[in-house]
Number of protein chains: 4
Amino acid sequence: MTELLSESHADMVAEYADVLQIGTRNAQNFQLLIAAAKTGKPVLLKRGLSMKIEEWLLAGEYILAHENPNLMLCERGIRTFETYTRNTLDLTAVPIVKQESHVPVVVDPSQGVGRADLVFAVCKGAVAMGADALLIEVHPNPSKAWSDGAQQLTLDGFSRLMTELKPFIHAAGRE
Amino acid sequence: MTELLSESHADMVAEYADVLQIGTRNAQNFQLLIAAAKTGKPVLLKRGLSMKIEEWLLAGEYILAHENPNLMLCERGIRTFETYTRNTLDLTAVPIVKQESHVPVVVDPSQGVGRADLVFAVCKGAVAMGADALLIEVHPNPSKAWSDGAQQLTLDGFSRLMTELKPFIHAAGRE
Amino acid sequence: MTELLSESHADMVAEYADVLQIGTRNAQNFQLLIAAAKTGKPVLLKRGLSMKIEEWLLAGEYILAHENPNLMLCERGIRTFETYTRNTLDLTAVPIVKQESHVPVVVDPSQGVGRADLVFAVCKGAVAMGADALLIEVHPNPSKAWSDGAQQLTLDGFSRLMTELKPFIHAAGRE
Amino acid sequence: MTELLSESHADMVAEYADVLQIGTRNAQNFQLLIAAAKTGKPVLLKRGLSMKIEEWLLAGEYILAHENPNLMLCERGIRTFETYTRNTLDLTAVPIVKQESHVPVVVDPSQGVGRADLVFAVCKGAVAMGADALLIEVHPNPSKAWSDGAQQLTLDGFSRLMTELKPFIHAAGRE
């Protein structure tokens, strides 16, 4: 998945990518939302940095209204005064979006907290609260990553996470 | 538990209550923190409305430094721009406080989201993320409650919640 | 001025408009910033709803770096917990941007506070703090406006404002 | 002026101080507000870090309702995501409080921005927007101050500020 930045890019990205991701800073770039919808590819719409849940759902309507039913909404943290984490992950948004809408809800703990050591706990919470998918950053060598290394799991870490998550997935009644 | 408002009240409340709760608006009322510590009773310190995690931990030190080791820190939501919920519950604070400190972490979903229909999902998330206890508002008839009725569970609802929580408690390796 | 939404629109708008305005929700739509810069027209860049001043200055660099020196930065309020006003106008941003940069600073009290009755006081404050220009919404009949009527001045109100502003403009050493 | 922290301190402070100041972290310590009111001394109530204007006005009622009419409300910045300044000074609160209430409004630029270099501009803005008084930190040698040195003016700086402020005071029709 790649962050789209303009209409003319949407078609090109759609040729190669399975899912088009709209980044947090373009979550209300409505021309881009329409262009992404028209490619027919699934669209993952990240919540804007200071977007109310209502505004996020309405931005999603730009996808649905352009005849693309394959919308996913992705909680990735909102901007608050707290500086311990990169953003403040609003996990309560998960059950709210499930209640207000029929679209799948994805949680991005990596961007949400910005620290690999917290990703495990956040993934468990997201699953328990009803998330349909997780977007987890993994890198064979995070310390060499070109960006966002501090929030990336190693391959081993990812494998361990999958094992630790299983009981919570079962508890949530998912398979 | 009752919200304490001044030094002279701490001793009186301690006569009758098992735990002294310091409310969010007094979380940095340092004289009160000291007075509560000195009663020798367990103290539950709510996070202030716009308190950074670091400030919350430091406020807790006022209890510990006055020879009262029975401190609990309670996440109850911070104030953000989002208006769908009463506050924005910062569940990531749970693993952070567990990591930075040895004190038990309590989550208050009722105040955090302000809506009974979201309490179930939030309790599951809190347990999955490592919370040591939950502070849940229950009322035999929430529509007749003197305050905060919208966020209170009925007795039946509470009983159902306990049943639904069990698999998550097991998944988290707690009993 | 019209809010631009995609690259292909920039040229068309530039044919008719004297200034291209980048709206708050597209303040980090970098492809649009580049497209706007390339038209050669002056660009007014609104601060994003939750943009730090540093990010705003850096977004402005997209204009300057594409050989368009005619950049203006416009403070229009950030998103906070306060609900009395539509946004929280961060007037301190005016002297900060003047200090960190050489570009003119514009203040938009209409969007910033969302209420016509507060526009007078805010304009005076903005001028006193060094604003180079004001962006004020005026409508012959605000109650009939298609949008944002609550924050618009009447023609009479605008004329009165200009009279009341004069002493502050003089006090600020401007003409 | 000294920040009061408990009821028993109010009377002692009132013996020596001309004005009792309630600090931002105790702005909703209602027992303290009542104790301060009862001393009969003027009370300066700082706005809480994340207090809505409505809550601030209501906290002020605790003073007025206890037969102390000498209340001043002091805007000192709210907590937001912006980190360039120590807090985000909400100068729009000045005309709002003037409109909603009859009490004098004080602005504290020193705490609001936390940087001496911005105090000049903020004082001018505050005066232009209708502030009745300014609370400015001054120190003969800020670099040796026990706390908050970064936001303190020197004696010379203060004297220069008074000169620069005069035209704005005149423009605002005050003497």
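Using only the Cα atoms of the protein assembly as shown, what do you get for the radius of gyration and for Dmax, in Å?
In Å, with Rg to one decimal and Dmax whole: 26.6, 78.
Averaged per residue, what accessible surface does chain A expose to a 1.4 Å probe, in Å²? Can you show the working numbers first?
Working: 7250 Å² over 175 residues.
For chain A, the per-residue accessible area is 41 Å².
Could you name the residue in chain A with the C-beta closest to the rotation axis that superposes chain A on chain D, along with the separation in whole Å?
A:PHE81, 3
Just counting partner chain Cβ atoms within 10 Å, what average do the residues of peptide B:51-57 show around their Cβ? List each step's numbers first, then the result.
Details: counts 6, 6, 4, 3, 2, 0, 0.
Per residue, the number of nearby Cβ atoms from other chains is 3 on average.
Starting from the Cα of D:LYS52, draw a straight line to each of the lysines and keep only those under 19 Å, dropping any in the same chain fewer than 8 residues away.
List returned: A:LYS52, B:LYS52, D:LYS98.
Using a label point 7 angstrom from Cα along Cα-to-C-beta, what distances in nm, from shortest up, separate D:MET12 from the other copies?
In ascending order, 2.2, 7.2, 7.3 nm.
Could you list which residues have their amide H under 5 Å from that of B:LEU44, counting only those 5 or more apart in sequence or on another chain, with H placed in the peptide plane?
HN-HN under 5 Å from B:LEU44: B:LEU20, B:GLN21, B:ILE22, B:MET72.
Please compute the contact order of chain C in relative form: average sequence separation of alpha-carbon pairs under 8 Å and at least six residues apart, divided by the residue count, as a percent.
Numbers: 323 pairs, mean separation 24.1, N = 175.
Rounded, it is 14 percent for chain C.
For chain D, give the share of DSSP beta bridges that are antiparallel, in percent and rounded to the nearest 5; count only bridges with both residues there.
Details: 1 of 15 bridges.
That works out to approximately 5 percent antiparallel.
Calculated FRET efficiency, C:GLU55 and D:ASP117, Cβ-Cβ r, R0 22 Å, to nearest 0.05? Write out the running numbers ahead of the final one.
Values: r = 21 Å, r/R0 = 0.96.
Approximately 0.55, to the nearest 0.05.
Bins of 5 Å, beginning at zero and ending with the bin holding the largest distance: percent of Cα pairs per bin for the stretch C:84-175, please.
Percent of pairs per bin, in order: 3, 15, 24, 23, 18, 11, 5, 1, 0.
With a 1.4 Å probe and all protein chains left in place, how much of the accessible area of the protein assembly as shown comes from carbon and sulfur atoms, in whole percent? Intermediate results must be reported in sequence, preceding the final value.
On the way: 14960 of 28990 Å².
Using a 1.4 Å probe with all protein chains present, the protein assembly as shown comes out at 52 percent carbon and sulfur.
Just for the protein assembly as shown, what percent of DSSP beta bridges are antiparallel, to the closest 5?
On the way: 4 of 60 bridges.
If we restrict to bridges inside the protein assembly as shown, about 5 percent are antiparallel.
Dipole size in debye (nearest 20) for the protein assembly as shown around its Cα centre, Lys and Arg Cβ +1, Asp and Glu Cβ -1?
On the way: 64 positive and 84 negative charges, 0 e Å.
So the dipole magnitude of the protein assembly as shown works out to roughly 0 debye.
Sequence-distant or interchain residues sharing an amide H contact under 5 Å with A:LEU134, placed H: which?
Amide H neighbours of A:LEU134, under 5 Å, 5+ apart: A:VAL107.
If r is the Cβ-Cβ distance from A:HIS66 to C:HIS170 and R0 is 41 Å, what FRET efficiency results, to the nearest 0.05? Please report the intermediate quantities before stating the final value.
Numbers: r = 54 Å, r/R0 = 1.31.
In this case the efficiency is close to 0.15.
How well do other chains shield peptide A:16-28, expressed as the mean number of their Cβ atoms within 10 Å of each residue Cβ?
Values: counts 0, 0, 0, 0, 0, 0, 0, 1, 2, 10, 7, 1, 8.
If you average over the peptide's residues, the count of other-chain Cβ atoms is 2.
Report the local net charge at B:HIS102: Lys and Arg +1, Asp and Glu -1, summed over other residues whose C-beta lies under 13 Å from its C-beta.
Values: positive: B:LYS98; negative: B:GLU61, B:GLU100, B:ASP132.
Within the 13 Å Cβ shell, the charges total -2.
Treat every Asp and Glu Cβ in the stretch A:20-95 as -1 and every Lys and Arg Cβ as +1, leave all other atoms uncharged, and give the resulting dipole magnitude about the Cα centre to the nearest 20 debye. Please report the intermediate quantities before stating the final value.
Values: 9 positive and 7 negative charges, 62 e Å.
It works out to roughly 300 debye.
Taking a virtual spin label 7 Å from the Cα of C:ASP18 along the C-beta vector, which residues in the stretch C:53-91 bring their backbone nitrogen under 20 Å of it?
Only C:69-75 pass the distance filter.
Using a 1.4 Å probe on protein heavy atoms only, how many Å² of accessible area do B and A hide from each other, summed over both chains and rounded to 100?
Details: alone 9480 and 9490 Å², together 16080 Å².
Interface area, both chains combined: 2900 Å², rounded to the nearest 100.
Can you tell me the order of B:34-43, D:151-160, C:123-132 when each peptide is scored by its average per-residue count of other Cβ atoms within 10 angstrom, highest first? Walk me through the numbers before you get to the answer.
Values: B:34-43: 20.3, D:151-160: 16.1, C:123-132: 26.4.
Final packing ranking: C:123-132, B:34-43, D:151-160.
Taking every residue in C:94-101, how many Cβ atoms of other protein chains lie within 10 Å of its Cβ, on average? Provide the component values of the computation, followed by the final result.
Numbers: counts 4, 10, 8, 0, 1, 3, 1, 0.
Taking the mean over all residues of the peptide, I get 3.
So the label point sits 7 Å from Cα along the Cα-to-Cβ vector; using that for B:TRP146, what distances do you get to the other copies, in nanometres, sorted shortest first?
Counterpart label points of B:TRP146 in the remaining copies fall at 4.3, 5.4, 6.2 nm.
What residue among C:LEU32, C:TRP56, C:VAL43 has its Cα farthest toward the positive end of the dipole of the stretch C:29-159, where the charges are +1 on Lys, Arg and -1 on Asp, Glu, each on the Cβ?
Of the options given, the answer is C:LEU32.
Suppose every Lys and Arg Cβ carries +1 and every Asp and Glu Cβ carries -1, with no other charges. What dipole size does chain C come out with about its Cα centre, to the nearest 20 debye? Let's see the in-between values first.
Details: 16 positive and 21 negative charges, 77 e Å.
Computed about the Cα centre, the dipole is about 360 debye.
Provide an ascending nm list, one decimal, of label-point separations from C:PHE30 to the equivalent residue in each further copy; define each label point as 7 Å from Cα along Cα→Cβ.
2.5, 4.5, 5.1
The values are calculated or read from the model by the stated rules, or taken from the named source; none is laboratory data. This structure is a prediction, so every number in the text was calculated from the model and none was measured. FYI the Cβ positions are ideal-geometry reconstructions off the backbone, even for glycines, and counts take in every protein chain you see. Heavy atoms of the whole protein, side chains included, go into the accessibility calculation; ligands, DNA and RNA do not. Shrake-Rupley method; radii C 1.70, N 1.55, O 1.52, S 1.80 Å.
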